[in-house]
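Peer 1: Have a look at this one before I ask anything.
The values are calculated or read from the model by the stated rules, or taken from the named source; none is laboratory data. None of the values given here were measured: they were computed from a predicted structure. No Cβ is skipped: glycine too gets one built from the backbone with ideal geometry, and neighbour counts run over all protein chains shown.
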Amino acid sequence: MQGTISAANSCYEVSPMREYSRRDFLKHSSALAAGAAALGCNPHLLGAEPKLQFPTAPRERLAVGSWPFRMFIEAPENKWARDAKLPGMDLKDFGAMVVKKLGVRNIEPLSFHFRSTDAAYLREFREATEKAGARVINLPVDSPASFYDPDPGKRGQAVEVTKHWIDIAATVGSPSIRRNLAGPQNAKPDVGRTVESLKEVAHYGAGKNVIINLENDNNFTEDPFFLVEVIEKVNNPYLHALPDFCNSMLTHDQEFNNRALTALFKHAYSIAHVKDSEVGGGGKLFTVDVAKCFAIAKASGYRGYFSMEWEGQGEPYAGTQKLIDLSLKYLA
């Protein structure tokens with residue numbers, strides 16, 4: 001370990017200087033954390049960029065989201081999507097299903113697919129997931145609370161909701177969450193207010209060692225270039241992009257999608273969504289050049305996970321398997 005203590009941004013950072021013994025390092029770390037606490041700084045920020053160890057084997061880089069399987073999930077907030085004609089599934093059993101039927105060990109459970117968020121259920125969910133040999137690699141979180149609402153109190157609500165799910169992510173062992181950018185009525189997306197809100201969120205995430213991801217999902221409130229501007233202005237290593245292969249195709253063409261993914265992958269760290277198609281308004285099917293999407297990800301140096309999020313026509317098991325096969329082909 002090399003370093004000396006210097007002041008920066010009201011916290012401490014380490015700059016290269018001399019070799020430390022392990023004992024010196026432990027003393028140095030304790031003093032550093034104490035000094036940071038005294039200044040009201042977050043000790044996790046001292047480590048700068050989160051350091052996740054990503055697998056390199058193609059299949060180990062794959063994940064499966066619960067969203068495509070919403071018609072099976074039994075949860076109070078999922079009643080609108082549940083199909084009573086199909087067998088039900090509690091989210092705690094989702095990991096076991098993915099391992100057994102799809103041969104993938106990483107899962108991405110959606111926030112409103114949790115039957116409960118109390119401590120007992122979260123413990124039960126984590127234990128069942130780990131027993132199945134699966135693990136959570138991201139939690140997509142949806143909430144109508146907006147980070148750029150003109151009302152400061154409502155922006156505060158959006159921040160608190162996000163902090164709550166950061167806590168849940170830490171509890172179930174997820175290294176990250178994906179937070180949607182909801183839009184209030186009669187207010188256009190606002191960079192300044194969004195940045196102000198997400199600075200607080202990213203700082204909190206750093207304290208829990210949980211990354212916050214922004215996805216190009218809603219093509220109005222989450223325009224990919226709006227997301228990039230926000231991420232760059234927040235400038236916190238715990239705020240990153242989550243590029244979705246096909247979402248932008250619903251309102252744009254392949255050329256725009258290529259530019260959008262190129263911009264987003266420059267800020268992606270741990271998670272991206274794989275799709276080959278998506279059903280839009282009126283049942284219209286939009287398709288995307290999957291090979292090009294993977295080429296953009298590779299060119300960016302992206303090393304994180306690819307989560308299968310089937311949105312095409314047909315049932316989700318076969319659709320998800322198709323995405324897995326395509327991903328293995330392009331990651332080979």
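Peer 1: Going by the structure shown, is residue 169 closer than 27 Å to residue 126 by Cα and of a type outside the set (Asp, Glu)? Break it down stepwise before answering.
Peer 2: Values: closer than 27 Å to residue 126 by Cα: yes; of a type outside the set (Asp, Glu): yes.
Considered against the rule, which asks whether it is closer than 27 Å to residue 126 by Cα and of a type outside the set (Asp, Glu), residue 169 comes out as yes.
Peer 1: May I ask you to list the residues in region 281-320 that are surrounded by 15 or more Cβ atoms within 10 Å (Cβ to Cβ) and of a type in the set (Gly, Ala, Ser)?
Peer 2: Scanning region 281-320 gives 297, 300, 304, 307, 312, 319.
Peer 1: Say we look at region 99-143 and pick out the residues that are without any contact (Cβ under 8 Å) to a residue 60 or more places away in the chain and of a type in the set (Val, Ile, Thr); which of these is farthest from residue 175 (Cα to Cα)?
Peer 2: Filtering region 99-143 for residues that are without any contact (Cβ under 8 Å) to a residue 60 or more places away in the chain and of a type in the set (Val, Ile, Thr), the one farthest from residue 175 (Cα to Cα) comes out as 99.
Peer 1: Can you go through 221, 194 and tell me which one is in a loop (DSSP other than H, G, I, E, B) and either farther than 27 Å from residue 164 by Cβ or among the hydroxyl-bearing types (Ser, Thr, Tyr) (or both)? Spell out the reasoning first.
Peer 2: Values: 194 fails: in a loop (DSSP other than H, G, I, E, B).
Just one listed residue meets the conditions, 221.
Peer 1: Looking at 169, 206, 182, 202, which is the one that is of a type outside the set (Val, Ile, Thr), surrounded by fewer than 19 Cβ atoms within 10 Å (Cβ to Cβ) and not in a strand (DSSP E or B)?
Peer 2: On the way: 169 fails: surrounded by fewer than 19 Cβ atoms within 10 Å (Cβ to Cβ); 206 fails: surrounded by fewer than 19 Cβ atoms within 10 Å (Cβ to Cβ); 202 fails: surrounded by fewer than 19 Cβ atoms within 10 Å (Cβ to Cβ).
182 is the lone residue from the list that is of a type outside the set (Val, Ile, Thr), surrounded by fewer than 19 Cβ atoms within 10 Å (Cβ to Cβ) and not in a strand (DSSP E or B).
Peer 1: Looking at (1) part of a helix (DSSP H, G or I); (2) farther than 29 Å from residue 71 by Cα, which is the one condition that is false for residue 302?
Peer 2: (1)
Peer 1: Hey, any hits in region 78-86 for a residue that's assigned to a helix (DSSP H, G or I) and touching a residue at least 40 places away in the same chain (Cβ under 8 Å)? Spell out how you get there, then give the answer.
Peer 2: Of the residues in region 78-86, the ones assigned to a helix (DSSP H, G or I) are 78.
When the remaining residues are screened for being touching a residue at least 40 places away in the same chain (Cβ under 8 Å), the result is none.
No: zero hits.
Yes/no per residue for (1) modelled with pLDDT under 95; (2) among the acidic types (Asp, Glu); (3) surrounded by fewer than 18 Cβ atoms within 10 Å (Cβ to Cβ):
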residue	(1), (2), (3)
27	yes, no, yes
30	yes, no, yes
36	yes, no, no
50	yes, no, no
53	yes, no, yes
58	no, no, yes
64	no, no, no
73	no, no, no
89	no, no, no
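Peer 1: Here's another thing I want to ask about it. Run residue 278 past the list (1) touching a residue at least 40 places away in the same chain (Cβ under 8 Å); (2) within 21 Å of the chain's Cα centre (by Cα) and report the number of the one that doesn't hold.
Peer 2: The single condition residue 278 does not satisfy is (1).
Peer 1: Which residue is surrounded by the most Cβ atoms within 10 Å (Cβ to Cβ), if the candidates are limited to region 262-280 and must be in contact with a helix residue (DSSP H, G or I) (Cβ under 9 Å, 6 or more places away or on another chain) and more than 16 Å from residue 326 (Cβ to Cβ)? Spell out how you get there, then give the answer.
Peer 2: So in region 262-280, the residues in contact with a helix residue (DSSP H, G or I) (Cβ under 9 Å, 6 or more places away or on another chain) come out as 262-268, 272-278, 280.
From what's left, more than 16 Å from residue 326 (Cβ to Cβ): 262-268, 280.
Values: 262: 15, 263: 20, 264: 28, 265: 21, 266: 16, 267: 19, 268: 21, 280: 14.
The selected residue is 264.
Peer 1: I've got another one for you. Go through (1) at pLDDT below 95; (2) crowded, with 18+ Cβ neighbours inside 10 Å and name the single condition residue 212 misses.
Peer 2: So the condition that residue 212 fails would be (1).
Peer 1: Considering each of 146, 174 in turn, give the residue that is surrounded by 22 or more Cβ atoms within 10 Å (Cβ to Cβ), among the hydroxyl-bearing types (Ser, Thr, Tyr), in the same structural domain as residue 106 (by TED's automatic domain parsing) and free of Cβ contacts under 8 Å to residues at least 40 places away in the same chain.
Peer 2: Working: 146 fails: free of Cβ contacts under 8 Å to residues at least 40 places away in the same chain.
Every option except 174 fails the conditions.
Peer 1: Do the conditions hold for residue 108, that is, is it buried (at least 17 other Cβ atoms within 10 Å of the Cβ), of a type in the set (Asp, Glu) and modelled with pLDDT of 95 or more?
Peer 2: Against the criterion (buried (at least 17 other Cβ atoms within 10 Å of the Cβ), of a type in the set (Asp, Glu) and modelled with pLDDT of 95 or more), residue 108 qualifies.
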